[in-house]
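Written below as structure tokens is the structure these notes are about.
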Amino acid sequence: MSNETTVVNRAADAKETHRVRGLVNLVAGIVIVAAVVFALTAGAGAIWHKVTGTSPAPGATASAAAPATASSAVAVKLEINPPPVGGVKGAGGVVMDAFVPSTFTMTVGQTYDITMYNYDTQSHSWMSPDLNVSVVAPAGSASSPSVTHFTLKPTKAGQIQWFCALPCDKTAMATNGFMRGYVTVKA
């Protein structure tokens, strides 16, 4: 089988033949690289942190309470693209993908029960190698968000970066306060 394709252009009674080499190989290569990158970013959570995900409850809303937790655990609610805007307005009034809140404070040794509500129609992740966590929030919708639950217990103080590792809004992924932010962990 040849890796060459011949294309004939017959515009204005002119006959031209162009050879396109390796187009199939190029497209296949791009697909393979994209699949590997996605598998690595989405699969990292299984290596770094055991996560339990739950399906969205029928009619769940932003005001849904976090699951019942142990009395010593602190409940944290994260929303991805919360309604009514479906994101957060950035520079120039452009609405971008965002976690709300994007920055918050925790204490070393305290256990946090985190519940993420994803109102976006694509998956997002909350990843921080320094906190030893990588969690994927499946796609949801404005009327029925996906709900993902995990626990976190910081072991060291400092300002720690988190980010969404799944390709989504390019500008939001590069801008703190949207698809990335900080957790300030106090001693």
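The values are calculated or read from the model by the stated rules, or taken from the named source; none is laboratory data. Bear in mind the structure is a predicted one, so any value in this text is a computation, not a measurement. Please note: Cβ atoms are built from the backbone with ideal geometry, for glycine as well, and neighbour counts cover all protein chains shown.
Listed values, structure above:
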item	result
Qualifying positions in segment 172-187 - touching a residue at least 60 places away in the same chain (Cβ under 8 Å) and either surrounded by fewer than 17 Cβ atoms within 10 Å (Cβ to Cβ) or in contact with a His (Cβ under 8 Å, 6 or more places away or on another chain) (or both)	Asn176, Met179, Thr184, Lys186, Ala187
Within segment 69-88, considering residues that are surrounded by 13 or more Cβ atoms within 10 Å (Cβ to Cβ) and aliphatic (A, V, I, L, M), the one farthest from the chain's Cα centre (by Cα)	Ala73
Residue check, Asp169 out of contact with any Lys or Arg (no Cβ under 6 Å at 6 or more places or on another chain), among the acidic types (Asp, Glu) and buried (at least 17 other Cβ atoms within 10 Å of the Cβ)	yes
Residue in segment 89-97 that is of a type in the set (Val, Ile, Thr) and either at positive phi or surrounded by 15 or more Cβ atoms within 10 Å (Cβ to Cβ) (or both) present	no
Residues located in segment 110-128, provided they are surrounded by fewer than 17 Cβ atoms within 10 Å (Cβ to Cβ), at pLDDT 95 or above and not β-branched (Val, Ile, Thr)	Gln110
Test: residue in segment 132-143 that is farther than 20 Å from Ala75 by Cα, part of a loop (DSSP other than H, G, I, E, B) and under 11 Å from the mean Cα position of the chain (by Cα)	yes
